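Peer 1: This structure is in structure tokens; I'll ask about it shortly.
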Amino acid sequence: EFTVTSVSGGTNLITIRNGAIAVTEASCPDHYCMKRGFCDSGTDIVCLPNRLVIRFTAEQEIDAIIG
């Protein structure tokens, strides 16, 4: 879990579990972002009041490991 804070001070608690991601707490008034539940693909998770977008992209391979 980690918290994302917007420039305006709004917050979203992001939870990752079993390869899926969800907004589990939000300071926005409508909580639409929380209604998406846990997702591992598909449509973006968006919280417009807090200016948060979680976008799903194709799986990527590791090019290199440094260190």
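The values are calculated or read from the model by the stated rules, or taken from the named source; none is laboratory data. In this text, all values refer to a predicted model and were calculated from it rather than measured experimentally. All Cβ positions, glycine included, derive from the backbone under ideal geometry; neighbour counts span all protein chains shown. Accessible surface is based on the protein model in full, side chains and every heavy atom, while ligands, DNA and RNA are left aside. Shrake-Rupley method; radii C 1.70, N 1.55, O 1.52, S 1.80 Å.
Peer 1: Quick one: Ala26 ticks every box in (1) out of contact with any helix residue (DSSP H, G or I) (no Cβ under 6 Å at 6 or more places or on another chain); (2) at negative phi; (3) modelled with pLDDT of 95 or more except a single one, so which number is it?
Peer 2: (1) is the only condition that Ala26 fails.
Peer 1: Residues that are in contact with an Asp or Glu (Cβ under 9 Å, 6 or more places away or on another chain) and open to solvent by less than 70 Å² (accessible area, probe 1.4 Å), at least 3 per element: which strands (runs of 3 or more DSSP E) completely within the range 20-62 meet that?
Peer 2: 20-26
Peer 1: When the residues of the range 1-10 are filtered to those that are in contact (Cβ under 8 Å) with a residue 24 or more places away in the chain and surrounded by fewer than 16 Cβ atoms within 10 Å (Cβ to Cβ), which remaining residue is nearest to the chain's Cα centre (by Cα)?
Peer 2: Among residues in the range 1-10 that are in contact (Cβ under 8 Å) with a residue 24 or more places away in the chain and surrounded by fewer than 16 Cβ atoms within 10 Å (Cβ to Cβ), the one nearest to the chain's Cα centre (by Cα) is Ser6.
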